[in-house]
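The values are calculated or read from the model by the stated rules, or taken from the named source; none is laboratory data. These figures come from a predicted structure and were not determined experimentally. Cβ sites come from the backbone with ideal geometry, for glycine too, and all protein chains shown count toward neighbours. The protein model used for the area step is the full one, side chains on, heavy atoms only, and it has no ligands, DNA or RNA in it. Shrake-Rupley method; radii C 1.70, N 1.55, O 1.52, S 1.80 Å.
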Amino acid sequence: MSDTLTLMKESGALLEGHFLLSSGRHGDRYFQCARLLQYPDRAAAALSGVVERLKADMASGKLKIDVIVGPAMGGIVVAYELGRQLGLPAFFTERDDTGAMTLRRGFEVREGQNILIAEDVVTTGKSSGESAKVLEAKGAKITALACVVDRREDGVPLLWPLYAAAKVQASNWDPAECDLCKKGIPAVKPGSRKF
C-alpha cells in the first residue's frame, strides 16, 4: 500500500487544499488518480497488490468475477488495468444527459453475471452504488469493489467486500459542517461529476 502512495506522490496525484468531492462532501486532500494512471507501468504496479488479493480469493472460491465494470470517468482505466491483469473483460457505465448512470455503447451484462466494480477513489461508494443499481437491474450480481484509494472515514459501510491498493486517512465533511468553508477557503472541484 505504501508503494501505491509513493507512486501517487511521484505522479503528482496527491493534492492538498479544499476540494468538492464527487460524493458531494468536502475534503482537504484530493487523489487525482488520472495523473497516476496516465503511466501504464505505474498503473500496473499500483494495482498489482489488488490483483494478487483478487486472484487468491478467486482461487479459493471466496470470490467469483466474470466482468469488471468501472463508473466513468475515474473507473475506466482502473477497470481496464484490472481486466488486463486478470484476463477478464472490462467496460464502463457512464452518465446520460440527465446525469443518471447508465450502460451504453453496446456493453451488455447477462443474467447472473458476477461483476467487480472498479473505481479510482472510494469516499462513500456513491458512484459504485449507482453503477450497481444499473447492473443489478439487468440481472447481474455485484461480488466486490476494487479501487486505487480507499479514503472512507472509519465506519463508513459498503455493501460489498473492498479491495483497495491504498487506505488513506483524509478528512472530509458534509458541506454544512466543512472546517475549510468556515475558514473562508474556496473549494475547487477537480472531479468529473456534475452536481
Which pairs turn up if I take residues in the stretch 1-21 that are closer than 13 Å to Ala34 by Cα and look for partners that are hydroxyl-bearing (Ser, Thr, Tyr) and open to solvent by 80 Å² or more (accessible area, probe 1.4 Å) with beta carbon separation below 9 Å, at least 6 apart in sequence or on another chain? Leu7/Tyr39; Ser11/Tyr39
Scanning the stretch 96-115 for residues that are in contact (Cβ under 8 Å) with a residue 40 or more places away in the chain and in contact with a helix residue (DSSP H, G or I) (Cβ under 6 Å, 6 or more places away or on another chain), which turns out surrounded by the most Cβ atoms within 10 Å (Cβ to Cβ)? Ile115
Condition first: open to solvent by 60 Å² or more (accessible area, probe 1.4 Å), among the acidic types (Asp, Glu) and without any contact (Cβ under 8 Å) to a residue 40 or more places away in the chain. Can you find one or more residues in the stretch 75-95 that meet it? no
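How many residues, within the stretch 147-189, are among the basic types (Lys, Arg), within 15 Å of Glu16 (Cβ to Cβ) and touching a residue at least 60 places away in the same chain (Cβ under 8 Å)? Can you show your working first?
Step one: filter the stretch 147-189 for residues among the basic types (Lys, Arg), giving 151-152, 167, 182-183, 189.
Checking which are within 15 Å of Glu16 (Cβ to Cβ) leaves us with 151, 183.
Next, only the ones that are touching a residue at least 60 places away in the same chain (Cβ under 8 Å) stay: 151.
Selection size over the stretch 147-189: 1.
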Give the stretch 162-176 a look and list any residue that's surrounded by 15 or more Cβ atoms within 10 Å (Cβ to Cβ) and more than 19 Å from Ala46 (Cβ to Cβ), or say none. Asn172, Trp173
Residue under evaluation Ile185, criteria (1) open to solvent by less than 50 Å² (accessible area, probe 1.4 Å); (2) part of a loop (DSSP other than H, G, I, E, B), criterion not met: (1)
Kindly establish whether Glu136 is part of a helix (DSSP H, G or I) and open to solvent by 30 Å² or more (accessible area, probe 1.4 Å). yes
Considering only the stretch 60-68, I want to know if a residue exists there that is closer than 17 Å to Val168 by Cβ, over 17 Å from the mean Cα position of the chain (by Cα) and of a type in the set (D, E, K, R). no
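Yes or no, residue by residue, for (1) open to solvent by less than 10 Å² (accessible area, probe 1.4 Å); (2) modelled with pLDDT under 95; (3) at positive phi:
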residue	(1), (2), (3)
Gly61	no, no, yes
Asp66	no, no, no
Met73	no, yes, no
Ala118	yes, no, no
Ser127	no, yes, no
Glu130	no, yes, no
